[in-house]
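Reviewing the structure listed below.
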Amino acid sequence: MTRLLVLLPIIFWLTMPERESAYGAVDTGMFLSGFALIVLMYWGLVRVLLGRRDGGWGATGSARRGMSIARGLSVAWFVFGLYQLGFPAAIERLGLPGTALPAIVATLPAYACWAALHATRFPVERQMWEQSLADRLANGAPVHKPPTLWGYVSGQMRVGVLFAMVPVGGVLLLRDAAVWLLERSGIDTATPTAETAISFGGIAVIFLGAPVLLRRVLPTSSMAEGPLRDRLEHVARKTGLKFRDILIWHTDNAVANAAVMGLFPQVRYVLLSDLLIETMTDRQIEAVFAHEVGHVRHRHMVWYVVFVAVLMLILAGPGTDAERWLRSVWVDGGDAIAFAIVGVTIASFLFLLGLLSRQFEQQADVFAARNVTREPDAPEVMGAMVFSTALRRVAQINGMPMTVPPLRATPTGTVAWLLGHAGSFMHGTIRQRMDAVQEIASDSGRARRFDQRMFFVRALLLVLLAAGGFWLWMAPS
């Protein structure tokens, strides 16, 4: 959910309707001061947590929940500044050309606020590292140097901001370059056809080349030859996966995670973090690797592209008709209509994306359970048990809760419950995923119904894609 949240400032900036607003230094100062106030409030929370008796893991969980609230507040304040404080006029006065530079400069205050929040949270993370040192020594686990402030903040910003923003910035820069070149050639780029072709062309180029860029955003290195790599390559051969390389993602032993990047084998990379490799058994790592293979084999990235295309067609077709109708019945709506449309669109996108992501994550879980190494005659449920232990281990290493905390009739309890559901909305909780994969593996009827449901999801996306294209084609120009 964090990667979606980080995109909201730039989405709101790019979709903001044109409007006249007076530039005022006082309003701009208030806009920037709001971010400083958010950081100051979070600093107060961190100071309270550091003084608590439980410290360590308890403080870390509270600091993470507080960070989620603070980041949400920063996005809300950014949107308020766009619509109420005249901040766009201040950016206009800078005279920046194109689309990319204004967008980068305009969203910089929000992302600088995120960096300051991470710096404020650092003492809690350092305290957790110190308290875990004794456990590592007692268990004979490797001990690494403590994290530095710069290393922690830069690592969090690379994963939490740059990983999502570099592709978006690349699309905008390519669009600006294409417009500049075409206009110098005497081609009109203001027509709907030209704008659509330029936008989709930039998206296609960045989408295909993003893995090459992102492997340099994150500190990575190729996994060395050895028994673990042989084991992972065996899984790849067995499942028909082709890739360019398996990369070790260096997080200063702070994150246990894995990912796969790239639509085509020539630019496809599988990432396994250093902490994951260090703290999990080879069989558990194989299960995590098989999960990432599942995303590729089921072509989830392609279906995400289809999903986005469906939404774009709906916005261009039925969405445009709905906007005209709304403006006809709400004549005096003005900016409120535009703001409501953007808000409903983004909320709908996040909600539907979350539902789709949960289905795809479960499908990758089932794929891993079916393909993880087990004894030749062992039932499929054994693979599900191996994958479940890997999920549990990932949760333990990252300090993730197994379930969402129960709803309590207090402000703190309500916030914790909401944040728990928001944090697990894209994937489901660890406990839900463990239970689901074991139930599907142990019940052939349930497994068959699950496969049928996934077929229906893909078919529905294709039907909606065709219907949206037909609607747009039949709509009067």
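The values are calculated or read from the model by the stated rules, or taken from the named source; none is laboratory data. Nothing here was measured: the structure is a model prediction, and the numbers come from that model. Ideal geometry is used to build each Cβ from the backbone, glycine not excepted, and the neighbour counts take in all protein chains shown. Areas reflect the complete protein model, heavy atoms only, side chains present, ligands, DNA and RNA absent. Shrake-Rupley method; radii C 1.70, N 1.55, O 1.52, S 1.80 Å.
A few points about this structure:
- Residue satisfying all of: in region 181-199; assigned to a helix (DSSP H, G or I) and surrounded by 13 or more Cβ atoms within 10 Å (Cβ to Cβ); modelled with the highest pLDDT among these: L182
- Single unsatisfied condition, D245 versus (1) in contact (Cβ under 8 Å) with a residue 24 or more places away in the chain; (2) surrounded by fewer than 17 Cβ atoms within 10 Å (Cβ to Cβ); (3) closer than 21 Å to A164 by Cα: (3)
- Scope region 433-450; condition open to solvent by 70 Å² or more (accessible area, probe 1.4 Å) and without any contact (Cβ under 8 Å) to a residue 12 or more places away in the chain; matching residues: E439, S444, R446, R448, R449
- Total residues in region 145-156, condition surrounded by fewer than 19 Cβ atoms within 10 Å (Cβ to Cβ) and assigned to a helix (DSSP H, G or I): 4
This table checks each residue for (1) modelled with pLDDT of 85 or more; (2) open to solvent by 50 Å² or more (accessible area, probe 1.4 Å); (3) of a type outside the set (S, T, Y); (4) part of a helix (DSSP H, G or I).
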residue	(1), (2), (3), (4)
R53	no, yes, yes, no
G58	no, no, yes, yes
G95	no, yes, yes, no
G98	no, yes, yes, no
I104	yes, yes, yes, yes
T107	yes, no, no, yes
A112	yes, yes, yes, yes
E130	no, yes, yes, yes
D135	no, yes, yes, yes
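- A204 vs. criteria in contact with a Gly (Cβ under 8 Å, 6 or more places away or on another chain) and at negative phi: no
- Only one entry of R215, R231 meets the criterion of being within 21 Å of L173 (Cα to Cα), of a type in the set (D, E, K, R) and part of a helix (DSSP H, G or I), and that entry is R215.
- In region 399-417, the qualifying residues are those that are open to solvent by less than 80 Å² (accessible area, probe 1.4 Å) and of a type in the set (A, V, I, L, M), and the one that is modelled with the highest pLDDT is M402.
- Those residues of region 17-47 which are modelled with pLDDT under 85 and open to solvent by 60 Å² or more (accessible area, probe 1.4 Å), in sequence order: E18, R19, E20, A22, Y23, A25, V26
Conditions tested, residue by residue: (1) surrounded by 13 or more Cβ atoms within 10 Å (Cβ to Cβ); (2) in contact with a Lys or Arg (Cβ under 7 Å, 6 or more places away or on another chain); (3) modelled with pLDDT under 80.
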site	(1), (2), (3)
H298	yes, no, no
V302	no, no, no
V310	yes, no, no
A316	yes, no, yes
A322	yes, no, yes
G354	yes, no, no
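- Here Q84 meets the list (1) under 19 Å from V161 (Cβ atoms); (2) surrounded by fewer than 19 Cβ atoms within 10 Å (Cβ to Cβ) almost entirely, failing just condition (1).
- Entry remark, region 253-288: residues being touching a residue at least 40 places away in the same chain (Cβ under 8 Å) and assigned to a strand (DSSP E or B) number 4 in total.
- Considering region 240-297, the residues that are of a type in the set (D, E) and touching a Ser or Thr at 6+ places or on another chain (Cβ under 9 Å) include one that is nearest to L214 (Cα to Cα), namely D245.
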